[in-house]
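Chemist: Please read through the structure below; I'll follow up with questions.
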Amino acid sequence: MKKTYDLKIMDREVLSQEVFKILLEKPADMPEIIPGQFFGLKADDNGYPLLRRPISVSRVDANSFELTIKLVGQGTELIYNKKIGETINVLGPVGNGFYLEEAKKNSIIVGGGIGISPVKELARVLKNKFNDDFPVLLGFRDEPFDLEDFSLYSSKIEIATESGITGTKGYVTTLLEEHLKENEIDTVYVCGPHVMLKAVKLLCDRYNVTTQLLMEERMACGIGACLVCTCAIKEGTEIKNKRVCKDGPVFYGSEVVFDV
Ligand SMILES: Cc1cc2nc3c(=O)[nH]c(=O)nc-3n(C[C@H](O)[C@H](O)[C@H](O)COP(=O)(O)OP(=O)(O)OC[C@H]3O[C@@H](n4cnc5c(N)ncnc54)[C@H](O)[C@@H]3O)c2cc1C
Ligand code: FES
């Protein structure tokens with residue numbers, strides 16, 4: 001059974017009109033947090049909304065960890081309204097995170113929208129592991145956010161914006177294809193909207209490059225019990241419904257069946 005914790009909000013920062021970060025204390029007995037894992041946040045102590053909101057970890061320190069959150073609806077708004085010094089109940093860390101045991105230096109990190117958040121922690125961990133910076137390709141609709149933090153973990157950041165406000169105008173896949181054309185790439189780690197995950201997977205398939213995708217599905221229990229969060233995964237010749245919260249949220253692109 002996953003443990004829950006009441007954690008103090010140590011800091012809070014608003015990054016844009018719709019994105020903010022909170023820094024939570026990390027208890028000594030909390031298991032190691034792997035990039036790509038998430039927490040189920042109880043948005044309010046009064047019991048409504050009932051369901052925990054899944055939020056990925058965007059950075060881990062010795063005594064704290066950070067969550068980067070986009071304002072979407074009631075749950076995230078209640079979390080936004082919490083003040084420094086207040087506590088929040090969290091369940092986790094949950095899920096399997098990115099598979100890094102066989103990580104290779106010639107890999108690329110890709111994030112899009114609020115999906116840049118978990119790949120920031122990934123960039124930090126890979127930089128520490130290899131003592132080198134990984135290329136980080138980030139896609140935004142318009143104004144980018146959190147770039148100052150990203151620059152701590154990679155000097156190889158490239159930006160694509162749909163509006164063209166900064167960086168390359170268009171999608172992050174344009175940046176990725178340049179790398180795939182020019183270099184031998186082992187793995188592309190990616191988090192972002194569904195449509196971006198699919199586009200990255202299809203592109204990497206063309207170049208025979210492995211992908212690891214952090215999948216997002218609507219969740220209810222968040223611990224593998226209710227089957228609300230399933231996605232279609234290939235296992236041999238069969239297609240099975242796997243739970244994003246328990247069997248994921250990270251899956252190899254070769255397993256994920258889009259459009260079923
Ligand atoms: C594994 C995982 C990691 C995530 N990491 C982050 C993150 O780091 N930062 C961030 O801002 N958002 C993240 N999300 C999305 C985030 O969970 C939703 O935006 C949030 O739950 C919306 O809650 P709400 O009450 O504000 O919105 P509402 O739309 O009112 O939520 C209604 C219900 O739908 C669920 N829901 C709505 N959107 C999503 C969604 N995209 N994914 C899953 N459930 C959803 C809510 O949990 C809730 O049960 C993640 C989702 C998953 C599955
Ligand atoms: S949310 Fe219940 S099984 Fe995943």
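The values are calculated or read from the model by the stated rules, or taken from the named source; none is laboratory data. Computed from a prediction, not measured in an experiment: that's the story for all the values here. Note that each Cβ is placed from the backbone with ideal geometry, even for glycine, and that neighbours are counted across all protein chains shown. These accessible areas exclude ligands, DNA and RNA; they are computed on the full protein's heavy atoms, side chains included. Shrake-Rupley method; radii C 1.70, N 1.55, O 1.52, S 1.80 Å.
Chemist: Based solely on C-alpha atoms, express the radius of gyration and the Dmax of the stretch 157-260 in angstrom.
Modeler: That works out to 15.3, 45 Å for Rg and Dmax.
Chemist: Out of all Cα-Cα pairs in the stretch 217-260, roughly what percent, to the nearest whole number, are more than 11 Å apart? List each step's numbers first, then the result.
Modeler: Details: 585 of 946 pairs.
Looking at the stretch 217-260, the distances longer than 11 Å represent 62 percent of pairs.
Chemist: When the chain is treated as a GNM, springs tying every alpha-carbon pair under 10 Å, which of Cys229, Cys191, Cys245 comes out with the largest mean-square fluctuation?
Modeler: Result: Cys229 has the largest fluctuation of those listed.
Chemist: Would you mind getting the accessible area per residue of the stretch 148-260, heavy atoms of the protein chains only, 1.4 Å probe, in Å²? Before the final figure, lay out the partial values.
Modeler: Details: 6000 Å² over 113 residues.
Roughly 53 Å² per residue, with all protein chains present.
Chemist: So how many Å³ per residue does the convex hull of the Cα atoms of the stretch 25-117 work out to? List each step's numbers first, then the result.
Modeler: Working: hull volume 10.6 nm³, N = 93.
Residue-normalised Cα hull volume stands at 114 Å³.
Chemist: Give me the number: length gained by fully extending Glu255 to Tyr99, i.e. 0.36 nm times residue separation minus the C-alpha to C-alpha distance, one decimal in nm.
Modeler: Full extension of this stretch gives 54.8 nm more.
Chemist: Moving to a separate point now. Between Val94, Val19, Val250, which gets the highest mean-square fluctuation from a Gaussian network model of the chain, Cα cutoff 10 Å?
Modeler: Of Val94, Val19, Val250, the most mobile in the Gaussian network model is Val19.
Chemist: When the dipole is taken about the Cα centre of the chain, and only Lys, Arg (+1) and Asp, Glu (-1) are charged at their Cβ, what size is it in debye, to the nearest 20?
Modeler: About 520 debye.
Chemist: A further question on this structure: Which of the peptides 77-85, 204-212 is most tightly packed, and how do the rest follow, going by the mean number of other Cβ atoms within 10 Å of each residue?
Modeler: In decreasing order of mean packing, 77-85, 204-212 become 204-212, 77-85.
Chemist: Compare the peptides 101-107, 86-92, 2-8 by average per-residue count of other Cβ atoms within 10 angstrom and give them in order, highest first.
Modeler: 86-92, 2-8, 101-107
Chemist: Which whole-number percent is the relative contact order of the stretch 98-167 (Cα, under 8 Å, 6+ apart)?
Modeler: Normalised by residue count, the contact order of the stretch 98-167 is 29 percent.
Chemist: Please report, largest first and rounded to whole Å, the three semi-axes of the ellipsoid equivalent to the chain, where each semi-axis is the square root of five times an eigenvalue of the C-alpha gyration tensor.
Modeler: 28, 22, 17
Chemist: In the neighborhood of Asn106, defined by Cβ-to-Cβ distances under 11 Å, what is the net charge if each Lys or Arg adds +1 and each Asp or Glu adds -1? Walk me through the intermediate numbers first.
Modeler: Working: positive: Lys104, Lys105; negative: Asp132, Glu184, Asp186.
Here the count lands on -1.
Chemist: As a quick test, which of the pairs Lys8/Lys82; Lys127/Lys198; Lys21/Lys82 have an alpha carbon distance above 20 angstrom in this structure? Provide the component values of the computation, followed by the final result.
Modeler: Details: Lys8/Lys82 10 Å; Lys127/Lys198 26 Å; Lys21/Lys82 11 Å.
Result: Lys127/Lys198 exceed 20 Å.
Chemist: Could I ask something else about it? Can you give me the % of accessible surface on the stretch 217-260 that is carbon or sulfur? Probe 1.4 Å, all protein chains present, nothing else counted.
Modeler: The nonpolar share, carbon plus sulfur, comes to 46 percent.
Chemist: Per residue, how big is the convex hull around the C-alpha atoms of the stretch 108-214? Give it to me in cubic angstrom, could you?
Modeler: 89 Å³
Chemist: Continuing with the same structure: Once the Cα gyration tensor of the stretch 41-81 is found, what semi-axes does its equivalent ellipsoid get, as square roots of 5 times the eigenvalues, in whole Å, sorted largest first? Please list the in-between numbers first.
Modeler: Values: eigenvalues 87, 26, 14 Å².
Output for the stretch 41-81: semi-axes of 21, 11, 8 Å.
Chemist: How large is ³J(HN,Hα) for each residue in the stretch 20-28, as worked out from phi by the Karplus curve 6.51 cos²θ - 1.76 cosθ + 1.60 (θ = phi - 60°), to whole Hz, x for Gly and Pro?
Modeler: Ordered by residue, 3J(HN,Hα) equals 9, 10, 10, 10, 10, 5, 10, x, 4 Hz.
Chemist: Using just the helices of the chain, give the 222 nm mean residue ellipticity in deg cm²/dmol: DSSP H runs with n ≥ 4 each add -39,500 (n - 2.57), and the total is spread over all residues, rounded to 500.
Modeler: Counting only the DSSP helices, I get -6000 deg cm²/dmol.
Chemist: Using a simple charge model, +1 on the beta-carbon of Lys and Arg, -1 on the beta-carbon of Asp and Glu, nothing else, what dipole does the stretch 217-260 show about its Cα centre, in debye to the nearest 20? It would help to have the intermediate numbers written out before the result.
Modeler: Details: 6 positive and 6 negative charges, 34 e Å.
Roughly 160 debye, rounded to the nearest 20.
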